[in-house]
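A short worksheet on the structure shown next.
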Amino acid sequence: MERALIVCDNEKGTAFYKSFLKENGYIDIMSVESFPAAKRVIMDYDFDLCFVNLPLGNSNSVEHVIDLAEKNVCQILLFIKADYYDEITDKVVEYGVMTISKPINKQLLWQTLRQALATQRRIDMARSQSAKLEKKLDELKTISRAKLLLIVNEGLSEEDAHKFIEKRAMDLRISRYQMAMDIIKKFEK
């Protein structure tokens, strides 16, 4: 997915960002003119990248940018005037927001975009791994629950309950998780 969001209330700026993103392979690009609109759109869509152009609505307030960063996993590139660069960067860097000084140097923007993309890929890999681990943990909890039901209702030891689940799953050619689900259904009617 190469989906980007532009948060900019300046037509010229929005056109520049869209053009730059299209040149760099982004096809699915949305733009909004305010932070409330950005929050609504981000709730409905997953973005890889979010360009935020400050000032927005005559404000250089970074609280909205921080809010976006805390509640979403897309990589945020924040464009700010050179006069405020150090001050704002110090506030947003701990939230993983990358800052770019205006006026924009296209080469620097390209390099930052590549870094943001690499960072986003790592985040996606970590999310995928986390989802796999959560699924495995849920399966282990279910199997443990089934073992407990066998111990309580059938008088088996923990080791015997474990062996029972493994053997039955193998005999029926189903996973231990599915066998555990069947045991839970049997005893929790």
| query | List, please: which pairs have Cβ atoms under 7 Å, are six or more places apart or on different chains, and start with a residue in region 116-138 that is of a type in the set (D, E, K, R) and end with one that is assigned to a helix (DSSP H, G or I)? | reply | none
| said: Going residue by residue through region 29-47, is there one that turns out to be in contact with a Ser or Thr (Cβ under 9 Å, 6 or more places away or on another chain) and of a type in the set (D, E, K, R)? | reply: yes
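From the set of residues in region 1-50 that are hydroxyl-bearing (Ser, Thr, Tyr) and part of a helix (DSSP H, G or I), which is surrounded by the fewest Cβ atoms within 10 Å (Cβ to Cβ)? Steps first, please.
Pass one, region 1-50, residues hydroxyl-bearing (Ser, Thr, Tyr): 14, 17, 19, 26, 31, 34, 45.
If we keep only those that are part of a helix (DSSP H, G or I) as well, we get 14, 17, 19.
Values: Thr14: 19, Tyr17: 26, Ser19: 11.
Checking each candidate, the answer is Ser19.
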| field | From the options Asp160, Asp67, residue that is among the acidic types (Asp, Glu), within 30 Å of Ala37 (Cα to Cα) and surrounded by fewer than 17 Cβ atoms within 10 Å (Cβ to Cβ) | value | Asp67
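Name every residue in region 165-189 that is part of a helix (DSSP H, G or I) and hydroxyl-bearing (Ser, Thr, Tyr), in order of residue number. Can you show your working first?
Within region 165-189, the subset part of a helix (DSSP H, G or I) is 165-172, 176-187.
Result: Tyr177, single match.
Would you say Tyr84 is crowded, with 20+ Cβ neighbours inside 10 Å and of a type in the set (Ser, Thr, Tyr)? Break it down into steps so the answer makes sense when it comes.
Working: crowded, with 20+ Cβ neighbours inside 10 Å: no; of a type in the set (Ser, Thr, Tyr): yes.
So Tyr84 fails the test.
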| Only one of (1) modelled with pLDDT under 90; (2) buried (at least 17 other Cβ atoms within 10 Å of the Cβ); (3) β-branched (Val, Ile, Thr) fails for Val92. Which number is that? | (1)
| message | With the requirement that a residue be assigned to a helix (DSSP H, G or I) and touching a residue at least 12 places away in the same chain (Cβ under 8 Å), what does region 68-102 give you? | response | Leu68, Ala69, Glu70, Lys71, Ala82, Tyr84, Tyr85, Ile88, Lys91, Val92, Tyr95
| query | Which number in (1) surrounded by 15 or more Cβ atoms within 10 Å (Cβ to Cβ); (2) within 26 Å of Glu11 (Cβ to Cβ); (3) not assigned by TED's automatic domain parsing to the domain that holds Leu21 marks the one condition that Asn72 misses? | reply | (3)
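The values are calculated or read from the model by the stated rules, or taken from the named source; none is laboratory data. None of the values given here were measured: they were computed from a predicted structure. Counting neighbours? That spans all protein chains shown, and the Cβs are built from the backbone with ideal geometry, glycine included.
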